[in-house]
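Down below is the structure, laid out as structure tokens.
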Amino acid sequence: MKRIVTLQDISCVGRCSITVALPVISAMGVECGILPTAVLSTHTMFKHFTCKDLSDQIEPISDAWEKEQVAFDGIYTGYLATGDQCRQVCKFFDRFAGEPGQRDGRCMIIVDPAMADHGRLYQAFDASFPDRMAQVCARADLILPNITEGSLLTGLPYKTEYDEAYIQEMLERLLLLGCGTAALTGVSYEPGRLGVAALDRNGKSESYFTRRCEQSYHGTGDIYSSAVAGGLMRGMSLGDALALAADFVVRCIEATASSKNPRWYGAEFESQIPWLCERLKEM
Ligand code: PXL
């Protein structure tokens, strides 16, 4: 069984980051280790929340793992609590995936630069954070930004109306950060359709579109990235992993739409896990 480790926060309630990554990746038949970067009472879209920064745990946990010769087939990073954690995460890559130029390809690095949406940085970050996150992206085999994050990482203006040339330019500029493949989420070229567009360093592109759901729930980006990470760890092609994850997220959103829970509680992915497991049997 493949083993991935995910570095992101634990938001105790609200279905995002580790409370999404762990169940989704485990359900996909991939062992999921965690390195929590912070513990929050909820994610930061709630009005009141606590946050305990766990930066001082990253190094001792890494030291202990190294002594035990723990190895990973993948490293998947999401929401990081501080700019300095971006530096710590790069150090973690050096130790467990290899330093730049010395990687043997055994450990895949997947980075979701979870820091912004709908044209705005999340409230916990200041304007210097995207440059720090760009350094994490530089080290990745695959990055999964949304368009807001893509614009913050590349300096391209954020647009809600755009054409294919804008997305192509954003993808090309994201690759200039140094990552192997960039996959932009939340891309839409026609009313009612939404999806993902990817480009790799060899110029190969992939895209996949589904129906656009009217509803928007917090944490769907984390469901998406977790499912992509699980798919890639299972040996799926990038195109298949991007498509499976998109279909899964649509189902999660649809399952949530009839719920009376406020949207801050995230998307109900739990009820769709059996569907995900069934789909994996076909692959
Ligand atoms: O879903 C991204 C995310 C993860 N973790 C925390 C967040 C957010 C988005 O706001 O606040 C703590």
Once every DSSP H run of n ≥ 4 in the chain is given -39500 (n - 2.57) and the sum is divided by its residues, what mean residue ellipticity at 222 nm do you get, rounded to the nearest 500 deg cm²/dmol? -12000 deg cm²/dmol
Applying 1/(1 + (r/R0)^6) with R0 = 22 Å to the Cβ-Cβ distance of residue 169 and residue 131, what FRET efficiency is obtained, to the nearest 0.05? 0.65
Name the long-range amide H neighbours of residue 117: under 5 Å, sequence gap of 5 or more, or other chain; modelled H, no Pro or chain starts. 122
Describe numerically, in nm with one decimal, the distance between label points set 7 Å from Cα along Cα→Cβ at residue 68 and at residue 283. 2.8
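Which entries in 2/67; 159/260; 2/91; 52/91; 67/91; 2/204 show an alpha-carbon gap greater than 24 Å? Intermediate results must be reported in sequence, preceding the final value.
Details: 2/67 20 Å; 159/260 32 Å; 2/91 22 Å; 52/91 21 Å; 67/91 16 Å; 2/204 26 Å.
The pairs that break the limit, which is 24 Å between Cα atoms, are 159/260; 2/204.
Sort 241-248, 270-277 by packing, meaning the average of other beta carbons within 10 Å per residue, with the highest value first.
Working: 241-248: 22.8, 270-277: 15.1.
My ranking of the peptides, most packed first, is 241-248, 270-277.
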For residue 75, what residues show an amide H to amide H distance below 5 Å, using hydrogens built from the backbone and excluding near sequence neighbours? 5, 108, 109, 110
C-alpha center-to-center spacing [the stretch 247-266, the stretch 63-85] in angstrom: 30
Considering the Cα positions of the stretch 90-185, please state its Rg to one decimal place and its Dmax as a whole number of Å. 13.6, 42
Given all pairs of different Cα atoms, what value in angstroms does the Kirkwood hydrodynamic radius of the chain take? 18.8
Order these by the 10 Å Cβ neighbour count, fewest first: 43, 48, 118. 48, 118, 43
Taking Rh as the Kirkwood radius, which is the inverse of the mean 1/r over Cα pairs, what is the Rg/Rh value for the stretch 1-153? 0.94
Listed by chain and number, the residues whose amide H is under 5 Å from that of residue 146, excluding neighbours fewer than 5 places away on the same chain and using placed H, are 185
HN-Hα couplings for the stretch 47-54 via Karplus (6.51, -1.76, 1.60; θ = phi - 60°), in whole Hz with x for Gly/Pro, come out as 5, 10, 8, 9, 8, 10, 6, 10
Quick one: what are the phi-derived ³J(HN,Hα) couplings along the stretch 115-130, Karplus 6.51/-1.76/1.60 with θ = phi - 60°, whole Hz, x for glycine and proline? 8, 6, 6, 6, x, 9, 5, 4, 5, 6, 10, 9, 5, 7, 5, x
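For a quick check of your reading of the filter: which chymotrypsin sites (Phe, Trp or Tyr not before Pro) in the stretch 62-130 sit in a DSSP loop and have no more than 10 other Cβ atoms within 10 Å?
Details: sites: 65, 72, 76, 79, 92, 93, 96, 122, 125; in loops: 72, 79, 122, 125.
Sparse-neighbourhood loop chymotrypsin sites (Phe, Trp or Tyr not before Pro): none present.
Listed highest first by mean packing, meaning other Cβ atoms within 10 Å per residue, what order do 227-240, 207-220 come in? Numbers along the way, then the final one.
Working: 227-240: 21.1, 207-220: 17.4.
The peptides rank, most packed first, as 227-240, 207-220.
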Which ³J(HN,Hα) values, rounded to whole Hz and listed in residue order, are derived for the stretch 175-187 from phi using the Karplus coefficients 6.51, -1.76 and 1.60 in 6.51 cos²θ - 1.76 cosθ + 1.60 with θ = phi - 60°, glycine and proline given as x? 5, 5, 4, x, 6, x, 9, 10, 10, 8, 9, x, 8
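Read-outs throughout are calculated quantities, based only on the coordinates presented, and are distinct from any laboratory measurement. Owing to the predicted nature of the structure, the values given are computational and were not obtained by experimental measurement. So basically every Cβ, Gly included, is an ideal-geometry build from the backbone, and we count neighbours across all protein chains shown.
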